[in-house]
Amino acid sequence: MTALVADGVTKRFGGLTALAAVSLDVQPGEVHGLIGPNGSGKTTLLNMLCGYYPVDEGAVRIGEEDLSRASVQRRAAVGIARTFQKPRLLPTQTVLENAMLGGWRDTRTGFLAAALSMPRVRAEQRELRDRAQAVLEGLGLGYALKRRAQLLDHAESRFLEIGRALVLRPRFVLLDEPAGGLTGAEIERLGIVIRTLRDCGIGVLLVEHHTEFVFGICDRVTTLNLGRMIRHGTPHEVRHDPEVIRVYLGS
Amino acid sequence: MSGTSLRPMAGSVAVLVALATLPWWAGDQYQIHLAALIAAWWILVAGLNLVVGFGGQLSIGHVGLLAIGAYAFAILAGRHDWSPWIALAASGGLGGVCGLLLGLPSLRLPGFYFAMATMAFALIVAELVLALGDLTGGGVGLSVPGFPEPFESPAGHYLLMLGIATIITWCAWNVARFPWGRALVAIRDNPVAAESVGVPVFRMKLAVFVASGVTAGLAGALFASLQSYITPDTFVFELGLFFFVCIIIGGRGSIAGPLAGTAILTALPELVAPLAKLGTLFYGLLLLAVVLLVPEGIGRLFQVILERLRPRETASPVLEPDAARLAAAIRRQERP
Ligand SMILES: Nc1ncnc2c1ncn2[C@@H]1O[C@H](COP(=O)(O)OP(=O)(O)O)[C@@H](O)[C@H]1O
Ligand SMILES: [Mg+2]
């Protein structure tokens with residue numbers, strides 16, 4: 001079983017150390033929670049795993065493969081997909097087209113083949129559309145396939161971002177506050193989706209503020225504060241840790 | 001292909017038939033010349049549209065690539081007696097090579113600086129045309145040969161350009177509807193999201209920029225042989241802005257919109273005499289009106305009409321994921 005590993009990752013922004021030697025691993029088929037106060041470095045760690053920032057110290061790996069210097073695109077190609085704290089969709093494109101974008105790395109045809117509409121290009125397009133549609137229907141977005149993304153409500157946007165990540169055929173999905181702005185009922189449905197990913201063997205890194213949701217769904221939880229890891233363990237261990245209660249959960 | 005796409009398809013065929021028979025119903029030779037001019041500009045704009053309208057890279061200097069294609073054709077077919085067909089292909093190829101040389105250093109620049117680089121390129125080409133008088137005829141210019149029968153007459157030349165424009169339009173439409181088009185729109189609207197799914201941003205920008213160089217080179221050759229004489233004054237910098245404005249007025253991310261924009265902006269000042277007096281002011285006012293009133297361009301109007309024709313979505317159901325279906329969809333696409 002190959003895990004996605006951050007090994008002693010450090011990141012500085014000028015004088016500010018946003019992450020100080022943080023280690024964490026996400027196993028296939030587990031939901032790993034990442035919690036901590038605002039500004040504790042959760043999004044930064046996610047960006048390091050995806051390759052948006054180079055590591056100052058430490059390493060990012062999948063199994064034995066060192067990805068520390070790999071581009072964002074390369075990490076997508078080895079199966080790391082993500083969503084964003086503020087959804088990043090293509091507003092003028094339809095829901096189906098947004099999801100199909102996730103399958104970009106499966107398109108093997110070049111510019112000329114596309115311009116000349118070679119049979120292979122059309123076959124690829126059909127295949128991609130079918131599986132994007134299947135994913136969207138599974139997510140409950142089947143009714144909105146032809147809607148432009150700018151017309152979606154907030155929950156639909158969040159689910160569509162998950163859909164786009166899934167069409168990438170990921171081994172690991174990193175979710176940055178997916179429950180942010182959702183109603184209680186919508187968070188429950190999000191839980192159904194996340195459990196399904198786990199059951200399919202995908203490793204999920206869940207950055208989230210809704211602590212009840214995190215402790216209810218995660219197999220393991222890591223807590224950050226001011227760029228440092230303060231506690232790592234099962235939900236039960238973390239929620240009763242005095243340090244976590246002091247800096248984050250409150251009493 | 002679904003039933004809803006049949007209507008635009010039938011429309012395209014009807015327009016094409018009307019255009020192909022133009023020489024037989026046009027009022028006079030001048031209208032045919034005007035239609036040929038629109039075809040030449042559209043060949044360039046169709047390629048540029050992939051760069052500007054889809055990829056979101058603001059090039060205002062394509063007039064430089066147009067001039068390179070025009071002079072290459074005039075020199076090769078005129079002075080060196082190459083076959084016009086080979087000279088046409090060479091003009092397109094040279095346009096592509098120049099697009100590559102311009103794009104390589106400039107496409108990594110942020111938007112504003114990229115626009116400035118393309119402007120500088122156009123100004124340098126204009127100066128070179130004057131400076132290399134032995135090659136280009138300097139300020140006096142060059143005469144340009146036409147194409148052999150049956151494309152020698154004005155009607156024949158027009159039909160040739162219409163044919164090439166049709167093929168280029170079809171190619172651009174293909175690029176737009178396949179994953180390439182979506183990836184370009186992603187680069188325009190959200191490069192961070194584009195990268196996150198593995199889109200090689202720079203490589204794609206470069207590929208469409210080279211393609212737009214090819215179409216600009218072809219357009220230059222066809223335009224030059226249409227005019228039969230070219231001078232540096234033919235390729236003023238404003239022409240580069242004109243192409244850009246055709247796309248903005250037509251609307252980003254559309255093909256029909258910029259096509260209509262090119263046709264309207266080329267024909268209106270010629271057909272409506274008072275507008276011709278306004279000259280560049282007319283383009284300025286039209287651009288202002290579009291940006292203020294329909295910022296998404298006239299292409300968006302087409303889309304709104306098409307959306308009206310479509311059956312309306314009925315209920316607005318709730319977002320209800322289905323774990324079993326989702327799992328099946330995920331397992332189905334699992335890597336081997
Ligand atoms: N691009 C950046 N440049 C400078 N500082 C940054 C940047 N991104 C994040 N930071 C800083 O790093 C710290 C961690 O931020 P972030 O990872 O967004 O926290 P979280 O997601 O846990 O709320 C914050 O102090 C933030 O201001
Ligand atoms: Mg954050």
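Using the alpha-carbon positions of chain A, Rg (one decimal) and Dmax (whole number) come out as 18.7, 65 Å.
Remark: the stretch A:105-167 carries a charge dipole of roughly 240 debye about the Cα centre, counting +1 on each Lys and Arg Cβ and -1 on each Asp and Glu Cβ. Label the stretch A:66-147 by shape, choosing from rounded, prolate and oblate, from the square roots a ≥ b ≥ c of the eigenvalues of the Cα gyration tensor; if a/c is under 1.5 it is rounded, and otherwise prolate applies when a/b is larger than b/c, oblate when it is not. Note, shape of the stretch A:66-147 comes out oblate.
Against chain B, whose longest principal axis comes from its Cα atoms, helix B:256-271 is set at around 30 degrees.
Could you compute the longest span of chain B free of trypsin sites (Lys or Arg not before Pro) located in DSSP loops and having at most 13 other Cβ atoms within 10 Å, not counting the site residues?
Values: sites that count: B:108, B:312.
Excluding the exposed sites themselves, the longest stretch runs over B:109-311.
Considering the options B:87, B:280, B:141, tell which one lies farthest towards the positive end of the dipole of the stretch B:3-313, charges being +1 on Lys and Arg and -1 on Asp and Glu at the Cβ, about the Cα centre. It is B:280. Rg and Dmax, both from the Cα atoms of the protein assembly as shown and both in Å, are 27.8, 90.
For the protein assembly as shown, give the percent of accessible area contributed by carbon and sulfur heavy atoms, probe 1.4 Å, rounded to a whole number.
On the way: 15540 of 24950 Å².
Carbon with sulfur: 62 percent of the solvent-accessible area.
State, in square angstrom and to the nearest 100, the accessible area buried between chains A and B, both chains counted, probe radius 1.4 Å.
Working: alone 12050 and 18010 Å², together 24950 Å².
Answer for the A-B pair: about 5100 Å² buried.
Among the GluC sites (Glu not before Pro) found in the stretch A:15-109, those both in a DSSP coil and sparsely packed, with 12 or fewer other Cβ atoms within 10 Å of their Cβ, are A:64.
Of the whole protein surface, residue B:230 contributes about 0 Å² of accessible area at a 1.4 Å probe radius.
Applying a 10 Å radius around every beta-carbon, put A:15-28, B:49-62 in order of their mean neighbour count, most first.
Values: A:15-28: 18.0, B:49-62: 25.9.
So the order, starting with the most tightly packed, is B:49-62, A:15-28.
Taking the longest Cα principal axis of chain B as reference, the axis of helix B:29-49 is set at about 50 degrees. Inter-chain Cβ neighbour count for A:115-123, averaged per residue, equals 4 (cutoff 10 Å, partner chain atoms only).
Rounded to the nearest 500 deg cm²/dmol, what is the calculated helix-only ellipticity per residue at 222 nm for chain B, with -39500 (n - 2.57) per DSSP H run of length n ≥ 4? Can you show the working numbers first?
Details: 17 runs with 240 residues, N = 336.
Rounded to the nearest 500, it is -23000 deg cm²/dmol.
Using the Karplus relation 6.51 cos²θ - 1.76 cosθ + 1.60 with θ = phi - 60°, the per-residue 3J(HN,Hα) values for the stretch B:8-18 come to x, 4, 4, x, 4, 5, 4, 4, 5, 4, 4 Hz, with x marking Gly and Pro. Shielding by partners for peptide B:168-176, expressed as the average number of C-beta atoms from other protein chains within 10 Å of each residue's C-beta, is 3. Rounded to the nearest 10 degrees, the inclination of helix B:298-309 to the longest alpha-carbon principal axis of chain B is 40 degrees.
For the pair residue A:236 and residue B:120, what calculated FRET efficiency results from E = 1/(1 + (r/R0)^6), where r is the Cβ-Cβ distance and R0 = 56 Å, to the nearest 0.05? Intermediate values should be presented prior to the final figure.
Details: r = 64 Å, r/R0 = 1.15.
Using R0 = 56 Å, I get an efficiency of 0.30.
Between amide H atoms placed 1.01 Å from N, distances below 5 Å from residue A:220 occur with A:31, A:33, all of them 5 or more places distant or on a separate chain.
Distances between placed amide hydrogens fall under 5 Å for residue A:205 paired with A:32, A:173, A:174, A:175, all partners being 5 or more residues away or on another chain. Pairwise inverse Cα distances across chain B, averaged and inverted, put the Kirkwood hydrodynamic radius at 21.4 Å.
In a reduced charge model with +1 at each Lys and Arg Cβ and -1 at each Asp and Glu Cβ, chain A shows a dipole moment near 820 debye about its Cα centre. For the stretch A:239-246, putting each phi into the Karplus relation 6.51 cos²θ - 1.76 cosθ + 1.60 with θ = phi - 60° gives couplings of 6, 9, 7, x, 5, 4, 4, 5 Hz, in residue order, rounded to whole numbers and with x for Gly and Pro.
Provide the per residue accessible area, probe 1.4 Å, for the stretch B:3-313, rounded to a whole number of square angstrom. Walk me through the numbers on the way to the answer.
Working: 13560 Å² over 311 residues.
Averaged over the residues of the stretch B:3-313, the accessible area is 44 Å².
The per residue volume of the convex hull around the alpha-carbon atoms of the stretch A:129-240 is 119 Å³. Our coupling estimate for the stretch A:66-82, obtained by passing each phi through the Karplus curve with A = 6.51, B = -1.76, C = 1.60 and θ = phi - 60°, is 7, 9, 3, 9, 6, 6, 4, 5, 5, 5, 5, 5, 8, x, 9, 10, 8 Hz, Gly and Pro reported as x.
The values are calculated or read from the model by the stated rules, or taken from the named source; none is laboratory data. Note that this is a predicted model, so its numbers are computed, not measured. Glycine also receives a Cβ, built like all others from the backbone with ideal geometry; neighbour counts cover every protein chain displayed. Please note that ligands, DNA and RNA were not included when accessible areas were found on the heavy atoms of the full protein model with its side chains. Shrake-Rupley method; radii C 1.70, N 1.55, O 1.52, S 1.80 Å.
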